[in-house]
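K.L.:
Sharing a structure below in structure tokens format, with a few things to ask.
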Amino acid sequence: MKGHLHLIKRLDSKIELVQDEKLKGKMKTLLLDLNASISQIYLQAITDSKTGVYNNFFFETLLTLEIEKSKRGANKFSLLIIDLDFFKKVNDTYGHIKGDEILKRLATILVKNTRKFDVVSRFGGEEFMVLFPGADVETAKKLTKRLKKEVKEDFFLKQYSITFSGGLTLFKEDDTPEKIKLRVDEGLYKAKNGGRDQFIIIE
């Protein structure tokens, strides 16, 4: 994205050298259209088309960057995975269109009830990941409890008895994206097998 902005700036500086004001105006309009088109393509490439949050591909990039930053001595972070309970039954009962509406509503709640610098992504199916930069486990636990409360109390989701299970963990010095995701998966597995509608912290 930075490369594209640099290119736009370079083209704009070249256009400024054009003497014909009418031609210059047309070229600037074309450049604005080009910039808008590239921005739209970029946005489509990094977001999940169904929910509007980041897609898994872009999330992997952000997670890798956050790990590298934390290893350089910056603030640590926490990672949460959530999975809707009995979502297949919801789809089978109410249909996939309603299921998609539920996923969109959940994504909206996750974004609205996390901090502006937290990262929400759709991991796949009915699974979502939330990256909490600078958050220790206690902070992440409070944020996750808030998410559970908001999901349970949401008027739309309440009609379908929507709850979620989750796994939560804190960054460790020897972490790779694979290692930290394995830990949250372990927490999710234990939450599911322990009765659902809960989240488990894996140290």
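The values are calculated or read from the model by the stated rules, or taken from the named source; none is laboratory data. Here the structure is a predicted model, which is why all the values come from computation and not from measurement. Quick reminder, even Gly has a Cβ in these numbers, built from the backbone with ideal geometry, and neighbours come from all protein chains shown.
K.L.:
Kindly establish whether LYS98 is in the same structural domain as ILE162 (by TED's automatic domain parsing) and of a type in the set (Lys, Arg).
P.N.:
Details: in the same structural domain as ILE162 (by TED's automatic domain parsing): yes; of a type in the set (Lys, Arg): yes.
Yes, satisfied.
K.L.:
Condition (residue is in contact with a helix residue (DSSP H, G or I) (Cβ under 7 Å, 6 or more places away or on another chain), free of Cβ contacts under 8 Å to residues at least 60 places away in the same chain and either buried (at least 20 other Cβ atoms within 10 Å of the Cβ) or within 23 Å of THR61 (Cα to Cα) (or both)) applied to the stretch 120-127: is it met by at least one residue?
P.N.:
yes
K.L.:
Can you confirm whether LYS148 is out of contact with any Ser or Thr (no Cβ under 7 Å at 6 or more places or on another chain) and within 25 Å of LYS71 (Cα to Cα)?
P.N.:
Details: out of contact with any Ser or Thr (no Cβ under 7 Å at 6 or more places or on another chain): yes; within 25 Å of LYS71 (Cα to Cα): no.
Criteria not met by LYS148.
K.L.:
Check every one of the helices (runs of 4 or more DSSP H) wholly within the stretch 52-163 and list those with 2 or more residues that are among the charged types (D, E, K, R).
P.N.:
On the way: elements: 56-71, 87-94, 96-112, 137-153, 155-158.
Output list reads 56-71, 87-94, 96-112, 137-153.
K.L.:
Looking only at residues that are touching a residue at least 12 places away in the same chain (Cβ under 8 Å) and of a type in the set (Ser, Thr, Tyr) in the stretch 78-107, which one is surrounded by the most Cβ atoms within 10 Å (Cβ to Cβ)?
P.N.:
SER78
K.L.:
If I filter the stretch 110-125 down to residues being modelled with pLDDT under 95 and small (Gly, Ala, Ser), which single residue comes out as farthest from LYS89 (Cα to Cα)?
P.N.:
GLY124
K.L.:
Mind checking which residues of the stretch 176-196 are of a type outside the set (A, V, I, L, M, F, W, C), buried (at least 17 other Cβ atoms within 10 Å of the Cβ) and either farther than 26 Å from LYS71 by Cα or at pLDDT below 95 (or both)?
P.N.:
Within the stretch 176-196, just LYS192 meets the criteria.
K.L.:
When you check PHE128 against the structure, is it in contact with a strand residue (DSSP E or B) (Cβ under 6 Å, 6 or more places away or on another chain), under 25 Å from ILE46 (Cα atoms) and at pLDDT below 95, yes or no?
P.N.:
Values: in contact with a strand residue (DSSP E or B) (Cβ under 6 Å, 6 or more places away or on another chain): yes; under 25 Å from ILE46 (Cα atoms): yes; at pLDDT below 95: no.
Answer is no for this residue.
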